[in-house]
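Each remark here refers to the structure printed beneath this line.
The values are calculated or read from the model by the stated rules, or taken from the named source; none is laboratory data. These numbers were taken from a predicted model, which means no experiment stands behind them. Reconstructed Cβ throughout: ideal geometry from the backbone, glycine too, with neighbour counts over all protein chains shown. These accessible areas exclude ligands, DNA and RNA; they are computed on the full protein's heavy atoms, side chains included. Shrake-Rupley method; radii C 1.70, N 1.55, O 1.52, S 1.80 Å.
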There are 4 protein chains.
Amino acid sequence: MNSNYQNITENAYNLSNSLDSKGKLATYIPELANVDPSKFGVHMTKVDGTHFGMGDHLEKFSIQSITKVLSLALAYKIVGEKLWDRVDVEPSGTKFDSLLLLESYKGIPRNPFVNSGAIVICDILISHLDNASVDFLEFVRDLSGIPDLTYSDQIADSEKATGYRNVALCNFIKSFGNIQNEPNVVLDFYFDMCSIEMTCQQLSHTFGFLANGGRQLVDGRKIISKSKSKRINALMLTCGFYDESGEFAFKVGLPGKSGVGGGIVALYPHNYTIAVWSPKLNPNGNSFKGMKLLEEVTTHSELSIF
Amino acid sequence: MNSNYQNITENAYNLSNSLDSKGKLATYIPELANVDPSKFGVHMTKVDGTHFGMGDHLEKFSIQSITKVLSLALAYKIVGEKLWDRVDVEPSGTKFDSLLLLESYKGIPRNPFVNSGAIVICDILISHLDNASVDFLEFVRDLSGIPDLTYSDQIADSEKATGYRNVALCNFIKSFGNIQNEPNVVLDFYFDMCSIEMTCQQLSHTFGFLANGGRQLVDGRKIISKSKSKRINALMLTCGFYDESGEFAFKVGLPGKSGVGGGIVALYPHNYTIAVWSPKLNPNGNSFKGMKLLEEVTTHSELSIF
Amino acid sequence: MNSNYQNITENAYNLSNSLDSKGKLATYIPELANVDPSKFGVHMTKVDGTHFGMGDHLEKFSIQSITKVLSLALAYKIVGEKLWDRVDVEPSGTKFDSLLLLESYKGIPRNPFVNSGAIVICDILISHLDNASVDFLEFVRDLSGIPDLTYSDQIADSEKATGYRNVALCNFIKSFGNIQNEPNVVLDFYFDMCSIEMTCQQLSHTFGFLANGGRQLVDGRKIISKSKSKRINALMLTCGFYDESGEFAFKVGLPGKSGVGGGIVALYPHNYTIAVWSPKLNPNGNSFKGMKLLEEVTTHSELSIF
Amino acid sequence: MNSNYQNITENAYNLSNSLDSKGKLATYIPELANVDPSKFGVHMTKVDGTHFGMGDHLEKFSIQSITKVLSLALAYKIVGEKLWDRVDVEPSGTKFDSLLLLESYKGIPRNPFVNSGAIVICDILISHLDNASVDFLEFVRDLSGIPDLTYSDQIADSEKATGYRNVALCNFIKSFGNIQNEPNVVLDFYFDMCSIEMTCQQLSHTFGFLANGGRQLVDGRKIISKSKSKRINALMLTCGFYDESGEFAFKVGLPGKSGVGGGIVALYPHNYTIAVWSPKLNPNGNSFKGMKLLEEVTTHSELSIF
């Protein structure tokens, strides 16, 4: 079975890699525009602990929005179901995202993975933790098993210098009363959080607990409850890929989350997690080759949750 | 295992039935306003063919929008992947549904389960079948094993007399060129299609092929391909419950489809289908008790796709 | 003074006529696409009864939406201020016109000059007149002094055959309860109403009462009250040119109304009316040369209401 | 004639003052919530220099958004017609104001009187003046003839502390590239600008140049050209009262501008300016009694621009 998965993944990797290199680097964050666009790696970790990878799977990249799943996990663990008073669980559905919908829903973001929702999650963490920035980093170090993991100042500063739209979002939500701390403080944490870097291997390990009913793969330690784990997976399926969430569910059929750094992590509950990285993005902001690879994997493994 | 499912379903039925009878009957279709609001039934059909039910599970009700899954299945079978040139696969995400989004996306409905999408599916069936109304009925007779199934003229006429919003939708899409036949013809078929009545037992049997990789439960006959079956399931998960699709995925974790008649069908691939009926609707237009029952079933069976 | 106006208008006509012939014929109504695009005429009628014209000012063209001012005048005369319970008096402001705004404002059109508003005015006339189609024609015959004025069946039929968007609008408003008669009946009248043809000379005469405190120029007979006349003028200023209403007020500074047939009528209260016709439209659907001519006239006459 | 105007204004003042005191104080700016809600004053200044007032017309109040007409006048004087590359001249038309429309029009505000437009005007002034804050104050001192006019730190600080929505707007426009300076710098100037206080008498004097073809009443000195003066008046008519601009044009028929401090200034070109103040606002954010008074004045004077 392992070798089977490995064959399928290798074939998918080779097929995707041979495709004309479509897509564009994210340019709105200056630091991301400097990445080598030809990078391509994938790593799969099974719930039995076995794992394998290929290509640039041991090279670090900026995981960007993928980190929003981890901040959600921590906030959900701390606050419980009350969390959903401040963020909804519905797909945003349209490019009229954030601002129109925030207005319609009076400052309640549609879900925790759109920028507005992730900003509210940051605000919640700041309110509940002694030092959100330090404590969140500790949480991710523990999940990933990388004891010296840090925020990338270079990337965070690059975003802070140009992230006017996120400043707009945070202040707009604040005007509805759904941000409790000072916008500048919330945004600093938000930009830090999105600056984390990992390799495909580390990323697939880090997300193992969500394929394993909320428990760490290495030692079975409980991170979050089984029910919370399921619900986070449901959210990744319905809301993990911006405007393309339906398309990903339709073609790949797995819960997952993408980032503008070109990373995608997806998982098949009780089976495996898979992390892929290729920096060129399709028009919806998701990794072009990464999407192709995952589509190939689930088509040929005949394994999807549907 | 069967008795286990049966126990869980009975407990869920009893618990949901004891709840204060919240919600309201659909009133915008006059015929639906006459239904006895205390009706409550559920029926589960497993892929091994065993099945059981309780309450009013042998009483017919108007399945309404649930039929959209069946018209999609027929159109998808006929047209294949080209279908998606005319309908998208994304959640509509907001109450600004149909008209604003149709305008933004130039007459391409967001998915085949919003009214606008189902109307385009009707148009496609009319263009590809000799007599769409007759041929679709034959298709559903075959799936359901009910040889004398008919449209309910009473319900269809009731909708035709008051369905101004659907007339608006159809003509609006026509103005963008994404309806090929005459709006009146398309709408007649659409209203007929939504007027089908079934019992919970019949409904759970009818949807068996989607829990069974595209094949009929009774004889293994292939209705649609395994890949198409998966994709329809993915669409039910992301788009099956209007504004509440995210919430249903989050709380129940199964592909499903609701109708304003108070019916819901859901399915756990390779395991079972379940149909529930209770006419009072929550503010989002989904059966109040039906949602509760399904939430109970998946919570206690610890079985969801996530 | 008369010769002064005449000089200014002639200069404006010549200057506008020498411009590169930009713009496009309206094509969505098939009959309008057959008009000779080089036509260009203007006619001014002063409140003292003197008048003059140039170019194709004695040739009939389809006045289209310009007629909405006349149907408003008749409905306002009959219903009085209660009219504004069913139509608002605000600019629509954006290309997200009709449908989104109708939804936000629960079926109350933003003003009587957007299509949705004019359709509601038609519904009101049908409810209050024995035979709206005949009675409205009689009203316009009286205003224009053209005893044999008729609707153009060719143009009305051309619109009826392709006016899906207006069918959508009317049914959408009906679904909110703001249309009392059958949509088909309302739309038949609406399309008839828009099919009227006049020459620039006739059009400038017809609108004379609005420059004259509500009284006919020829005999001083009262059509509507002074207050109603002022208010209709205010509406033309704020809402007469779709997305370009602000621009027209800004550059021309007169109340006016345009039609997709390439006609524009404008008026300077207590001074004159002016009708201009040139079929090529700018991207906002207003006559390209007509706008230029009027801008020239008010710039050089130094006469605007501001 | 003067006594006639005075009689009409007195009658309108008494009638409006006797009305049940509807409306609410603006509360979103803390300082404004402390104003005595029973204040009511009016002052009219004719272009011949005569003037009169009644009630609290010699008491200072926060003119708020009314100042946007003055900042527009200064920016228009400096930049000329190029100004309109960065701000449009169309009514915003809907409560979906600022953010949705800014998105649709890629950061170009609909007009200079919505907050987003006034913020862009501030940005333009900062780019073109040595010290925008000082130079603008000097410009208003000159217009008003109040040599010691200053910004109110108390009000500006009060807005700065709570103006999250304006921070959102400014950063959102910056993200489209239509703000050149740092958002904080632009907003500081914006909040200062809105903090100016005047009496009704001073306000009606200050706006005299717009009723006088761009020239100061006292000495005929040219402030802006006649054409610019007309165009600013046109903008006040179409865009001066937020969602209620159409209603004001319809009922009052004069160019004007309101502020949330409860002030309104209106003017009849070549005749008079009138400033009124009553702090309680109607649901659209305009002074309840101020609107009534102006409606009475134009109804009984039979003088409107229409």
| request: Give me the accessible area of A:Phe191, 1.4 Å probe, in Å² rounded to the nearest 10. | output: 10 Å²
| request: Pop out the carbon and sulfur fraction of the accessible area of the stretch B:261-301 as a percent, whole number, probe 1.4 Å. | output: 48 percent
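Give me a single rounded figure for A:27-36: the average over its residues of other chain Cβ atoms within 10 Å of their Cβ. Let's see the in-between values first.
Working: counts 0, 1, 0, 0, 0, 0, 0, 0, 0, 0.
Taking all residues of A:27-36 together, the mean is 0.
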| query | When we measure straight from the Cα of C:Lys24, which aspartates and glutamates land under 19 angstrom away, once same-chain ones fewer than 8 places off are left out? | reply | C:Asp36, C:Asp56, C:Glu159, C:Asp243, C:Glu244
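Residue separation times 0.36 nm, minus the C-alpha to C-alpha distance between B:Asn131 and B:Lys82: what's the value? Each step should come with its number before you reach the end.
Details: separation 49, 0.36 × 49 = 17.64 nm, distance 2.12 nm.
Gain in length upon complete extension: 15.5 nm.
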| remark: Test assert for the stretch B:158-180: residues whose accessible surface shrinks by at least 20 Å² between chain alone and all chains, 1.4 Å probe, equal B:Tyr164, B:Arg165, B:Val167, B:Ala168, B:Asn171, B:Phe172, B:Lys174, B:Ser175
| request: State the percentage of accessible surface on the stretch A:172-259 attributable to carbon and sulfur atoms; use a 1.4 Å probe and exclude ligands, DNA and RNA. | output: 42 percent
| request: Would you grab the residues whose amide H sits under 5 Å from the one on D:Arg215? Only those 5+ places off in sequence or on another chain, please, with H modelled 1.01 Å from N. | output: D:Ile223
| Counting only protein heavy atoms and rolling a 1.4 Å probe, how much accessible area do B and C lose on contact, total for both sides, in Å² to 100? | 1500 Å²
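Given the convex hull over the Cα atoms of chain C, what projected area results after averaging over all orientations, in nm²?
Numbers: hull surface 55.3 nm².
Orientation-averaged projected area of the Cα hull: 13.8 nm².
For A:Leu58 and B:Phe176, what does the FRET efficiency come to when R0 = 51 Å and r is the distance between their Cβ atoms, rounded to the nearest 0.05? Write down the numbers at each step before the final one.
Numbers: r = 49 Å, r/R0 = 0.97.
E(calc), rounded to 0.05, equals 0.55.
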| remark: In this structure, the FRET efficiency calculated for D:Asp148 and D:Asp48 from their beta-carbon separation, with R0 = 45 Å, to the nearest 0.05, is 0.95
| query | Taking the alpha-carbon centroid of each part, what is the distance from the stretch D:207-238 to the stretch A:11-37 in angstrom? | reply | 57 Å
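On a 18 Å Cα-Cα criterion, which of the cross-link pairs C:Lys46/C:Lys68; D:Lys46/D:Lys292; D:Lys257/D:Lys289 come out too long? The partial results should precede the final answer.
On the way: C:Lys46/C:Lys68 22 Å; D:Lys46/D:Lys292 21 Å; D:Lys257/D:Lys289 15 Å.
The answer is C:Lys46/C:Lys68; D:Lys46/D:Lys292.
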| Taking the label point 7 Å from Cα in the Cβ direction, how far apart in nm is C:Asp148 from each other copy of itself, listed shortest first? | 6.7, 8.0, 9.9
| request: Have a look at C:Gly107, C:Gly220, C:Gly55 and tell me which one the Gaussian network model of chain C (Cα, springs below 10 Å) gives the largest fluctuation. | output: C:Gly220
| Average partner coverage of D:248-260, which counts Cβ from other chains inside 10 Å | 4
| said: Straight-line reach from A:Lys226: which aspartates and glutamates fall under 20 Å, measuring Cα to Cα and dropping same-chain residues less than 8 apart? | reply: A:Asp48, A:Glu81, A:Asp142, B:Glu247, B:Glu295, B:Glu296, B:Glu302
| task | Could you order A:Tyr13, D:Tyr242 so the one with the most accessible surface comes first? Probe is 1.4 Å. | result | D:Tyr242, A:Tyr13
| said: Give me the percent of accessible area attributable to carbon and sulfur for the stretch D:6-150, probe 1.4 angstrom. | reply: 49 percent
| remark: Plugging the Cβ-Cβ distance of B:Asn11 and B:His270 into 1/(1 + (r/R0)^6) at R0 = 30 Å yields, to the nearest 0.05, a FRET efficiency of 0.80
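Given the rule -39500 (n - 2.57) for each run of at least 4 DSSP H residues, summed and divided by the residues of the protein assembly as shown, what is its mean residue ellipticity at 222 nm, to the nearest 500 deg cm²/dmol?
Working: 52 runs with 569 residues, N = 1224.
When only DSSP H runs of four or more count, the value is -14000 deg cm²/dmol.
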| Hey, how many Å between the Cα centroid of the stretch D:269-296 and the Cα centroid of the stretch D:56-81? | 16 Å
| message | Compute a Gaussian network model of chain A, connecting alpha carbons closer than 10 Å, and tell me which residue from A:Leu254, A:Leu101, A:Leu267 fluctuates the most. | response | A:Leu101
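Could you work out the local net charge near D:Ser133, counting Lys and Arg as +1, Asp and Glu as -1, over the other residues with Cβ closer than 9 Å to its Cβ? Intermediate results must be reported in sequence, preceding the final value.
Details: positive: none; negative: D:Asp135, D:Asp188, D:Asp192.
Around D:Ser133, the charge tally is -3.
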| note | Karplus ³J(HN,Hα) for the stretch D:25-38 (6.51 cos²θ - 1.76 cosθ + 1.60, θ = phi - 60°; Hz, whole; x = Gly/Pro) runs 5, 4, 10, 6, 9, x, 4, 6, 6, 8, 6, 5, x, 8
| remark: For the stretch C:17-169, the convex hull over Cα atoms projects on average to an area in nm² of 11.5 nm²
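Taking a probe of 1.4 Å, how large is the accessible area per residue of the protein assembly as shown, in Å²?
Numbers: 41630 Å² over 1224 residues.
Value returned for the protein assembly as shown: 34 Å² of accessible area per residue.
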| request: State the Cα centre-to-centre distance between the stretch D:100-122 and the stretch D:246-267 in whole Å. | output: 20 Å
| task | Heavy atoms only, probe 1.4 angstrom, no DNA, RNA or ligands counted: give me D:His51, C:His300, D:His205 ranked by accessible area, highest first. | result | C:His300, D:His51, D:His205
| query | Between copies, how far does the label point of C:Lys22 sit from its twins, in nm, shortest first, when each point is 7 Å from Cα along Cα→Cβ? | reply | 3.7, 4.6, 5.8
| log10 I(q)/I(0), Debye, Cα-only the protein assembly as shown, no solvent, q = 0.05, 0.07, 0.08, 0.09 Å⁻¹? | -0.40, -0.78, -0.99, -1.18
| task | Take the alpha carbon gyration tensor of the stretch D:147-302, find the square roots of its eigenvalues, order them as a ≥ b ≥ c, and report rounded if a/c is under 1.5; if not, report prolate when a/b exceeds b/c, else oblate. | result | prolate
| query | What distance in nm separates the simple spin-label points at C:Tyr28 and A:Thr27, each placed 7 Å from Cα in the Cβ direction? | reply | 3.5 nm
